[in-house]
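Novice: Have a look at this one before I ask anything.
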Amino acid sequence: MWYALRDILAEAWPRYRARTARLRPHEFWGVQDISFELRRGEALAIVGANGAGKSTLLKLLNGLIKPDGGSIHIRGQVGALIELGVGLDPVLSGRENVFIRAALLGFSREQVLPLFAQIEEFAGLGSALDMPIQFYSSGMVARLAYAVAVHLRPDILLVDEVLAVGDMDFQRKCINHMLAYLASGGSVVLVSHNPYHVQAVCQQGVLLERGRLTFAGTGLETLDKYYDQQQQLLAARNAQAGGSVPLVIEELTFESLTTSTIVTDDTVQMHLTYRAQAPQANIGWAFYIWTNDGLTCVTGGVNLAPSHLAPGRHQLSCTVERLPLTAGQYLVKAAIFELQSQQPLALLGWEDAPVPLVVQGELTLEKSFQSMIQQLVTLPISWHN
Amino acid sequence: MREIIYNSSSPLADLRAFGQTVGHDIRAVLRVGRQLFVRNLRVQYRQSVLGYLWLLAPPLFLALTWTLLSKANLLQGRQPTVPLPLFVLTGIFLWQGFVEMLNSPLQQLTAVRATLAKVRVPHEAFVVAAVGVVVFNLLVRLLVLGGVMWWYDVGWHVTLLWVPVGLAALLGLGLGLGWVIALFGLLYSDVANALTLLINMWFLITPVVYVVPSRYASVLSLNPVTPLLTTTRNWLLTGVAHPTPGFWPVVGLAGASVALGWLAYRLAQPHLIARF
């Protein structure tokens, strides 16, 4: 804690500060050697595991803390949506809090009044706007805070994983609003692990790992890279903990029995690799296929016939006779559970990264229609005319 | 469009740019501070039955206790030239103003710690709002004091015109020390605990409820609150225009402490947030 006093004293001694920053005992770099440029109308996704330095980077961009080296150049006013509840007074009504929140972002009551109707409409809280916000759900707080922040039209918007608390309808509304904001020349820095948010908003992405930039690409490429890393980490952790965890799902793979890639209506074999410490009887297992945004479960399968798990590393397999998915990217989650109690014994993709499944498409008229209306599954139909 | 550059150099390295930033921030501080002040007044006693009575109840009970102790001759010393209850009540109201100001930067900034860590807002705005509330509370108490002075038939003196100077110095000293206390208090939680203890001791060595004993006058005058409190009380009650020794140097000290305390906090701000 003495470092704080020394740092503060150094501020009063400008020449002392000019020295190159170096680590002192028990310190580490929160963010190091990161360089990127974001122009008007562009959105950047910042992706990384907990402790990777995402929030520290946002704090630096927001001017809350100072870099120990290097510099940040920002043109325009920065608006931040870092934690939605902060700055709101629980005893005051939503209406009163709109003005308080705006004041904290540097706007006077007179500047907010002409925008109030838009904020009220966007938040969609109805009569709850006159209720003290201590009675609001987290989703309602999110609506209010987001509505205030975006209607004050900052030049750069920093968003830190805050949309997750809102319902689907609100999330969609926010995404549409962000797209309109980008089209009108705003810039967005988005911290999110939600593929739908990243895909919809961000053209660019950077992956942070222990404070360093390890990958830069498009938003989706960055997310794929992150999921890959998570899978590798999980596999390494499982391998390491082999002696202590009773049952783990190590891998989930798919292979087409007819072609080299998986296509619509293909016969696909699925292999779930598990490692068990002891034999387990009376076991069920299941897999579920989700849309790439992780929001909708398209289909899945549950094997309720009692299975037996042998100790060691083995596989459970099944064949999907006709995969009804249209061309696109999907996410697959799997579970092994105890049949009688239905308690999960091992999970994959639920609290960690799900497994991506790519269904390739062919260039046909039917596929074009499917893609155009974002159709997810196909039906076996016999047309009678 | 103005370009903002964040780097590791001290803001004092470029005094002109520092002055421009401060000038820009002053407008924001006043604008945000005014709204937060109104908010603070609204929520201060929102879920309370007795509401604004709580502004007066604690000092009134404290004054009553000390008056009874004095009347029971438990406190030895010189008697004031004005009625004892009025003397004690005035001292306690002034002391209360000083203490509230001393405490307010740390209290306010601690209460909004989470906000400061996430939202870029001038910290001074919260302190300005707190200063507003302390001044408001003091004015309400002075109104009540006016009623009590009328009750005891204390004459109105020309020295009343000087009272705002005394009050400003008293509150200024509290604010200047409050900035420094906030700086350390946000880093070390020991400060908040020690402050309560210190204020209780400080109360006893300040002539709030007793007249300065001539034997200890030179020692007690080392306490910077003594000349400010006794002079302001004299201007309010007795009409003695000549300030107590040490008054003007302490006024200068109060002004300097506000400026230096603020500057120290301003320089410390990013390092405090990094440790929130």
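Novice: With a cut-off of 8 Å between alpha carbons and a minimum separation of six or more residues, what is the relative contact order of the stretch A:28-226 in percent?
Specialist: Relative contact order of the stretch A:28-226: 36 percent.
Novice: OK, next. When Cβ neighbours within 10 Å are restricted to other protein chains, what is their mean count per residue of peptide B:114-125?
Specialist: 6
Novice: The stretch B:126-276: D in µm²/s via Stokes-Einstein (Kirkwood Rh, Cα pairs, 10 °C, 1.306 mPa s)?
Specialist: Values: Rh = 17.1 Å.
The diffusion coefficient I find is 93 µm²/s.
Novice: Contour minus end-to-end for B:Ala217 and B:Thr110, with contour as 0.36 nm per residue of separation and end-to-end as the Cα-Cα distance? Don't jump to the answer; show the numbers that get you there.
Specialist: Working: separation 107, 0.36 × 107 = 38.52 nm, distance 3.73 nm.
Extending this stretch completely gives an extra 34.8 nm.
Novice: If you don't mind, another one. Which FRET efficiency value, to the nearest 0.05, do you get for A:Arg172 and B:Phe203 by plugging their Cβ-Cβ distance into 1/(1 + (r/R0)^6) with R0 = 56 Å? Show your work: numbers first, answer last.
Specialist: Values: r = 60 Å, r/R0 = 1.07.
Taking R0 as 56 Å, the efficiency between A:Arg172 and B:Phe203 is 0.40.
Novice: A further question follows. For chain B, what is the charge dipole size about the Cα centre, in debye to the nearest 20, if Lys and Arg each add +1 at the Cβ and Asp and Glu each add -1 at the Cβ?
Specialist: 480
Novice: Taking amide H positions as placed 1.01 Å from N in the peptide plane, with prolines and chain starts having none, which residues 5 or more places from A:Ala346, or on another chain, fall under 5 Å of its amide H?
Specialist: Under 5 Å from the amide H of A:Ala346: A:Ile336.
Novice: Any idea how far the Cα center of the stretch A:258-279 sits from the one of the stretch A:66-139, in Å?
Specialist: Here the answer is 49 Å between Cα centres.
Novice: May I ask for the angle, rounded to the nearest 10°, between helix A:168-183 and the longest principal axis of chain A, with both axes built from Cα atoms and the value confined to 0 to 90°?
Specialist: Between helix and principal axis, roughly 60 degrees.
Novice: Return one number: the angle in degrees, 0 to 90 and rounded to the nearest 10, between the long axis of the Cα atoms of helix A:94-104 and the longest principal axis of the Cα atoms of chain A.
Specialist: That helix lies at roughly 60 degrees to the long axis.
Novice: Summing -39500 (n - 2.57) over the DSSP H runs of n ≥ 4 in chain B and dividing by its residue number, what mean residue ellipticity at 222 nm do you reach, to the nearest 500 deg cm²/dmol?
Specialist: The per-residue figure over chain B is -24500 deg cm²/dmol.
Novice: So, one more: Along each of the three principal axes of the Cα atoms of chain A, give the extent in whole Å, ordering the values from largest to smallest.
Specialist: Per principal axis, max minus min of the Cα coordinates gives 70, 63, 43 Å.
Novice: Could you work out the Rg to Rh ratio of the protein assembly as shown, with Rh taken as the Kirkwood radius (inverse of the mean 1/r over all Cα pairs)?
Specialist: Rounded to two decimals, Rg over Rh is 1.11.
Novice: In the stretch A:324-361, which chymotrypsin sites (Phe, Trp or Tyr not before Pro) fall in coil by DSSP and have 16 or fewer other Cβ atoms within 10 Å?
Specialist: Filter output for the stretch A:324-361: A:Trp350.
Novice: For A:Gln340 paired with B:Trp151, estimate the spin-label separation in nm (one decimal), with each label point 7 Å from Cα along the Cα-to-Cβ line.
Specialist: My value for the distance between the label points is 8.0 nm.
Novice: Name the longest site-free stretch of chain B, where the excluded sites are trypsin sites (Lys or Arg not before Pro) in a DSSP loop with no more than 15 other beta-carbon atoms within 10 Å. Write out the running numbers ahead of the final one.
Specialist: On the way: sites that count: B:Arg2, B:Arg46, B:Arg78, B:Arg275.
That would be B:79-274.
Novice: Counting only other chains, what is the mean number of Cβ atoms within 10 angstrom of the Cβ of each residue in peptide A:101-109?
Specialist: If you average over the peptide's residues, the count of other-chain Cβ atoms is 6.
Novice: Taking θ = phi - 60°, what integer Hz values does the Karplus form 6.51 cos²θ - 1.76 cosθ + 1.60 yield along the stretch B:122-130, in sequence order, with x for Gly and Pro?
Specialist: With the stated coefficients, the stretch B:122-130 comes to x, 4, 4, 4, 5, 6, 4, 4, 5 Hz.
Novice: Excluding A:Tyr146 itself, what net charge comes from residues whose Cβ is under 11 Å from its Cβ, given Lys and Arg +1 and Asp and Glu -1?
Specialist: Result for the neighbourhood of A:Tyr146: +3.
Novice: Also: Within 12 Å, Cβ to Cβ, of B:Thr115, how many net charges do the neighbouring residues add up to if Lys/Arg are +1 and Asp/Glu are -1? Write down the numbers at each step before the final one.
Specialist: Working: positive: A:Arg101, B:Arg113, B:Lys118, B:Arg120; negative: A:Glu83, A:Asp89.
In short, +2.
Novice: Select from the stretch A:87-157 those trypsin sites (Lys or Arg not before Pro) which occupy a DSSP coil region and have at most 11 other Cβ atoms within 10 Å, ordered by residue number. If you can, show how the numbers build up before the last one.
Specialist: Values: sites: A:Arg95, A:Arg101, A:Arg109, A:Arg143; in loops: none.
Passing sites in the stretch A:87-157 do not exist.
Novice: Could you give me the ³J(HN,Hα) list for the stretch A:319-330, computed from phi with Karplus coefficients 6.51, -1.76, 1.60 and θ = phi - 60°, whole Hz, x at Gly and Pro?
Specialist: 3J(HN,Hα) across the stretch A:319-330, in whole Hz: 10, 9, 4, 9, 6, x, 7, 6, 4, x, 9, 10.
Novice: Restricting to DSSP H runs of at least four residues, report the calculated mean residue ellipticity at 222 nm for chain A, -39500 (n - 2.57) per run over all residues, nearest 500 deg cm²/dmol.
Specialist: -8500 deg cm²/dmol
Novice: Give me the angle, in degrees from 0 to 90, between the Cα long axis of helix A:138-151 and the longest principal axis of the Cα atoms of chain A, rounded to the nearest 10.
Specialist: With both axes taken from Cα atoms, the answer is about 50 degrees.
Novice: Let me ask something else about it. Treat each spin label as a single point 7 Å out from the Cα along the C-beta direction, and report the A:Arg95 to A:Met372 distance in nm.
Specialist: 4.9
Novice: Here is a further query. Any idea what log10 I(q)/I(0) is at q = 0.10, 0.13, 0.14, 0.17 Å⁻¹ for the stretch B:15-274, Debye with uniform C-alpha scatterers and no solvent?
Specialist: Relative scattering, expressed as log10 I(q)/I(0), comes to -0.54, -0.89, -1.02, -1.40.
Novice: Using only the alpha-carbon atoms of the stretch A:262-385 as identical scatterers, what base-10 log of I(q)/I(0) does the Debye formula give at q = 0.17, 0.18, 0.22 Å⁻¹?
Specialist: Results for the stretch A:262-385 at q = 0.17, 0.18, 0.22 Å⁻¹ read -0.92, -0.99, -1.30.
Novice: Further, regarding this structure: Suppose a student asked you for the relative contact order of chain A, using Cα pairs under 8 Å spaced at least 6 residues apart; what percent would you report?
Specialist: 14
Novice: Something else about it: Under a 5 Å amide H to amide H cut-off, with H placed in plane at 1.01 Å, what residues pair with A:Gly300 once short-range neighbours are removed?
Specialist: A:Ile289
Novice: While we're on this one: How much of the DSSP bridge set in the stretch A:159-224 is antiparallel, in percent, rounded to the nearest 5?
Specialist: 75
Novice: Could you work out how far the C-alpha centroid of the stretch A:305-369 sits from that of the stretch B:163-242, in angstrom?
Specialist: Between the Cα centre of the stretch A:305-369 and that of the stretch B:163-242, the gap is 73 Å.
Novice: Rounded to the nearest 5, what % of the DSSP beta bridges within chain A are antiparallel ones?
Specialist: Around 70 percent of the beta bridges assigned by DSSP in chain A are antiparallel ones.
Novice: Now for a separate question. Over the stretch B:15-274, what relative contact order in percent results from Cα pairs under 8 Å that are six or more residues apart?
Specialist: 27
Novice: Return the Cα extents of the stretch A:28-226 along principal axes one, two and three, sorted largest first, each rounded to a whole Å.
Specialist: Largest first, the stretch A:28-226 extends 48, 33, 31 Å along its Cα principal axes.
Novice: Now a separate question. Out of residues 5 or more away from A:Ala43 or on other chains, whose amide H comes under 5 Å of its own, with H placed 1.01 Å from N in the peptide plane?
Specialist: Amide H neighbours of A:Ala43: A:Val188, A:Gln203, A:Gln204.
Novice: Taking the Cβ of A:Gly349 as the centre, find all other residues whose Cβ is under 12 Å away and add up their charges (Lys, Arg: +1; Asp, Glu: -1).
Specialist: -2
Novice: If you take the beta carbon distance between A:Met131 and B:Gln79 as r and set R0 to 41 Å, what does 1/(1 + (r/R0)^6) give as a FRET efficiency, to the nearest 0.05?
Specialist: According to the calculation, E is roughly 0.10.
Novice: Okay, moving on. For the stretch A:28-226, what is the percent of antiparallel DSSP beta bridges, rounded to the nearest 5?
Specialist: Percent antiparallel among DSSP bridges in the stretch A:28-226 is about 25.
Read the figures in this text as sums done on the coordinates, not as results from a lab. As the structure is a computational prediction, the values presented were derived from the model and not from experiment. Because the Cβ atoms are built from the backbone with ideal geometry, glycine has one as well, and the counts that use them run over all protein chains shown.
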